[in-house]
1. Give, as ranges by residue number, the residues of region A:120-139 whose backbone N falls under 18 Å from the point 7 Å along Cα→Cβ of B:Gln19.
2. Is the shape of region B:5-125 best called rounded, prolate or oblate, per the rule: a/c under 1.5 gives rounded, else a/b larger than b/c gives prolate, else oblate, with a ≥ b ≥ c the square roots of the Cα gyration tensor eigenvalues?
3. Excluding same-chain residues fewer than 8 positions from B:Lys124, which aspartates and glutamates have a Cα within less than 14 Å of its Cα?
4. Given axes a ≥ b ≥ c from the Cα gyration tensor, I'd like to know whether region A:103-221 is rounded (a/c under 1.5), prolate (a/b larger than b/c) or oblate.
5. Using a 1.4 Å probe on the heavy atoms of the protein chains only, list every residue of region B:13-42 that has 20 Å² or more less accessible area in the complete assembly than in its chain alone.
6. Separation of region A:163-180 and region B:89-115 by C-alpha centroid, Å?
7. What number comes out for accessible area per residue over region B:8-62 if the probe is 1.4 Å? Units Å², please.
8. Under 21 Å Cα-Cα from B:Lys104, which lysines qualify once same-chain neighbours fewer than 8 residues away are excluded?
Amino acid sequence: MQSHVQNSTASDGEQTYFDMFSLPRKLTIDTAALERGFYKLSRQLHPDLYARKSAAEQAWSLRQSSLLNDAYRTLKDPVARTAYLLKLEGMRMEDENTENRDPRAKQNRVPADLLEEVFELNMQLEEMRANLKMGEDDPALRGDLERAQVQFKAMLTSLDEDLRRAWAAWDAAMDASDDAAKNEQKDAMVAMLDRRSYLRNLLREVDGVLTWQGAVGEKANI
Amino acid sequence: MAYSDKVIDHYNNPRNVGQLDKSSESVGTGLVGAPECGDVMRLQIRVNPETQVIEEAKFKTFGCGSAIASSSLATEWVKGKTVSEAMEIKNTDIVKELSLPPVKIHCSVLAEDAIRAAIGDWKKKNAVGEAAAVAAN
Ligand code: FES
């Protein structure tokens with residue numbers, strides 16, 4: 001009885017985050033139902049109820065609680081929810097850290113033009129950082145970066161609109177049990193989430209450089 | 001996170017940083033990215049048209065230390081190899097050589113993708129071995 005909620009993958013017989021809250025595998029969810037389910041299940045797993053139980057049962061309830069929290073946090077955030085659903089659907093998002101990956105799995109997932117832009121912007125960021133470190137500012141370069149910042153923010157906004165449309169399309173395909181439409185949306189959403197993570201990373205870098213006050217600004221994730 | 005000495009060495013003294021003339025017939029350019037972290041890597045090769053030997057390789061990586069080390073190592077490894085030999089380089093070889101921890105495997109994947117993309121670009125430019133190019137994709 002302990003094994004049925006342990007893993008978040010979609011393999012047979014395992015309960016998904018959606019199952020935990022008795023929610024359909026859709027991307028527009030009933031957030032009130034999610035909240036209610038979360039509080040109800042949290043109460044059922046409350047440590048006080050397990051105070052006099054065996055160590056094994058206590059450990060189990062603890063594991064269930066942390067799983068419940070993960071599930072709740074994931075489903076609450078629409079982007080995390082989307083990434084999770086795509087993973088359930090076998091799209092293996094954010095999971096390239098495996099030795100036996102399929103080398104073709106990721107090919108062309110990110111459009112070449114975006115990569116070019118990302119690369120160019122990184123070149124400018126590097127130059128700007130070098131300037132700043134010397135205590136200099138380059139107004140022309142700063143202007144370029146500010147324009148890029150505006151442009152990337154706009155891209156992010158319109159991407160999020162596309163994403164919202166894709167959620168609706170996915171849900172409709174679910175209702176209609178239309179596998180072809182589902183697959184189409186899956187591929188589209190994988191590409192969108194990849195794009196989104198580039199844009200977000202880039203914006204973080206640009207924001208960092210433009211608000212640089214000294215000492216920070218160097219990319220830290222060596 | 002603790003890095004292996006080899007990663008630190010490549011990070012502090014990256015080999016072959018720079019760029020080659022993208023428009024040259026003998027140059028193949030691979031530009032790839034890892035959506036997980038938003039890092040990007042450009043790897044370029046200059047191939048001898050007669051022998052198909054990679055005579056020069058350059059890279060520029062905006063990313064983590066492991067990605068920089070992986071691409072630096074990749075340029076060292078491809079140099080002197082023929083194009084088809086270079087296609088044999090696997091990200092797992094890079095992982096082993098640099099002792100990358102599991103969370104950094106995707107950084108080595110990026111380097112493998114970059115090699116393949118650079119070779120693919122060169123093949124396309126030179127209309128080399130259609131069959132081989134298709135197999136590589
Ligand atoms: S963390 Fe992104 S390539 Fe290493």
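The values are calculated or read from the model by the stated rules, or taken from the named source; none is laboratory data. Since the structure is predicted, the reported quantities are computational estimates derived from the model, not experimental observations. All Cβ positions, glycine included, derive from the backbone under ideal geometry; neighbour counts span all protein chains shown. Just the protein is used for accessible areas: all its heavy atoms, side chains included, with ligands, DNA and RNA removed. Shrake-Rupley method; radii C 1.70, N 1.55, O 1.52, S 1.80 Å.
1. In region A:120-139, the label zone of B:Gln19 (backbone N under 18 Å from the point 7 Å along Cα→Cβ) covers A:120-131.
2. Taking the square roots of the gyration eigenvalues as a ≥ b ≥ c, region B:5-125 is prolate.
3. B:Glu25
4. It is prolate, given that a/c is not under 1.5 and a/b is the larger ratio.
5. Buried-area filter returns B:Lys22, B:Leu31, B:Gly33, B:Pro35, B:Glu36, B:Cys37, B:Gly38, B:Asp39, B:Val40, B:Arg42.
6. 37
7. Per-residue accessible area for region B:8-62 comes out at 42 Å².
8. Here the lysines satisfying the reach criterion relative to B:Lys104 are A:Lys87, A:Lys106, A:Lys219, B:Lys6, B:Lys60, B:Lys90, B:Lys96.
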